[in-house]
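Reviewing the structure listed below.
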Amino acid sequence: MDVVLPCLDEAAALPWVLARIPAGWRALVVDNGSTDGSADIARSLGATVVHEPLRGFGAACHAGLSAATADVVCFCDCDASLDPGLLVPFVREVLDGEADLVLGRRRARGPGAWPAHARAGNFALARMLRRRTGVRLHDLGPLRAARREPLLALGLSDRRSGYPLQMVVRAADAGWRIAEHDVPYLPRTGTSKVTGTWLGTWHAVRDMSRVLAEPPAGRRAVR
């Protein structure tokens, strides 16, 4: 399996994260312009490093997906807030044909694990997602697993904060079976680049609102 780990200045978190990659799996650390030596640290710890110069969470995730070669590809944040070892049952569920996309529903563990503004933004977006797709999801968390080729076929185009949501929306439009399971969410190492502030959260909600405004697949313009 390949695990895509979007990375921007996560030198302090990388040892913890990479030590928890399941044996025999490949860690794809997508360096998105780090200046703290993250790429060198990841490489020294055995990860495959992919460089993505276009800034943006979605740009990093999609670069990792494009570089992956495994049948099933996983995604996980690189800030030590989520344990990639939790992906093992997600992958098993995909391989067994029980689900097409498996997501982790974050459950905060410890003070500061999920700031109030980030949780509020996620709650609002999850409600909008349920109205848009009819899929009963509660979180848009980054811990997830699906088969690589079908993911590429979704034609994901967002390169900012809306990427994880666009993946779910387009998967739902395509009739995918989507499962959600609770996972512990730990206080991250370092400062969040997306939801660490009210402004960052606002930008993320704005990006994701644009994704929710997309028409269903059958009504999108052909380019």
(message) Which residue fluctuates most in the GNM of the chain (Cα springs below 10 Å): 146, 213, 47?
(response) 213
(message) Can you give the local net charge around residue 212? Use residues other than it whose beta-carbon is closer than 9 angstrom to its beta-carbon, Lys and Arg +1, Asp and Glu -1.
(response) +2
(request) Can you pull a Stokes-Einstein diffusion coefficient for the range 56-153 at 37 °C (0.692 mPa s), Rh from Kirkwood over Cα pairs, as a whole number of µm²/s? (result) 222 µm²/s
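Work out how much length residue 177 to residue 124 would gain on full extension: take 0.36 nm times their residue separation and subtract the Cα-Cα distance, in nm to one decimal.
Values: separation 53, 0.36 × 53 = 19.08 nm, distance 2.26 nm.
Difference between extended and current length: 16.8 nm.
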(message) Checking the a/c ratio against 1.5 first, then a/b against b/c, what shape does the Cα gyration tensor give for the range 2-214?
(response) rounded
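Identify the trypsin sites (Lys or Arg not before Pro) of the range 106-142 meeting these criteria: DSSP loop state and at most 14 other C-beta atoms within 10 Å of the C-beta.
On the way: sites: 106, 107, 109, 119, 127, 130, 131, 132, 136; in loops: 109, 136.
Sparse-neighbourhood loop trypsin sites (Lys or Arg not before Pro): 109, 136.
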(request) Over the chain, calculate the relative contact order: mean separation of alpha carbon pairs under 8 Å at least 6 apart, over the residue count, as a percent. (result) 23 percent
(message) Along its three principal axes, how long is the range 87-126 when you only count alpha carbons? Whole Å, largest extent first please.
(response) 37, 23, 7
(request) Taking the Cβ of residue 89 as the centre, find all other residues whose Cβ is under 13 Å away and add up their charges (Lys, Arg: +1; Asp, Glu: -1). (result) -4
(request) Assign one of three labels to the range 132-184, namely rounded, prolate or oblate, based on the Cα gyration tensor with a ≥ b ≥ c the square roots of its eigenvalues; rounded applies when a/c is under 1.5, prolate when it is not and a/b is larger than b/c, and oblate otherwise. (result) rounded
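Can you check what the net charge comes to around residue 182, using other residues whose Cβ is under 10 Å from the Cβ of residue 182 (Lys, Arg +1; Asp, Glu -1)?
On the way: positive: 105, 106, 107; negative: 139, 180.
Overall, the nearby charge balance is +1.
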(request) Treating only the Cβ atoms of Lys and Arg (+1) and Asp and Glu (-1) as charged, compute the dipole magnitude of the chain about its Cα centre; round to the nearest 20 debye. (result) 900 debye
(request) Just name one of 80, 3, 61: the one whose Cα is farthest towards the positive end of the charge dipole of the chain (beta-carbon charges, Lys/Arg +1, Asp/Glu -1). (result) 61
(request) Kindly write out, for the range 131-141 in residue order, the coupling ³J(HN,Hα) from the Karplus curve 6.51 cos²θ - 1.76 cosθ + 1.60 (θ = phi - 60°), rounded to whole Hz, with x marking Gly and Pro. (result) 5, 6, 10, x, 7, 7, 10, 10, 8, 10, x
(request) Between the alpha-carbon centers of the range 109-141 and the range 36-52, tell me the distance in whole angstrom. (result) 31 Å
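The numbers here are math on the coordinates, done by the rules we state, and not lab data. All values reported here derive from a predicted model rather than from experimental measurement. Note that we place each Cβ from the backbone using ideal geometry, even for glycine, and neighbour counts take in every protein chain shown.
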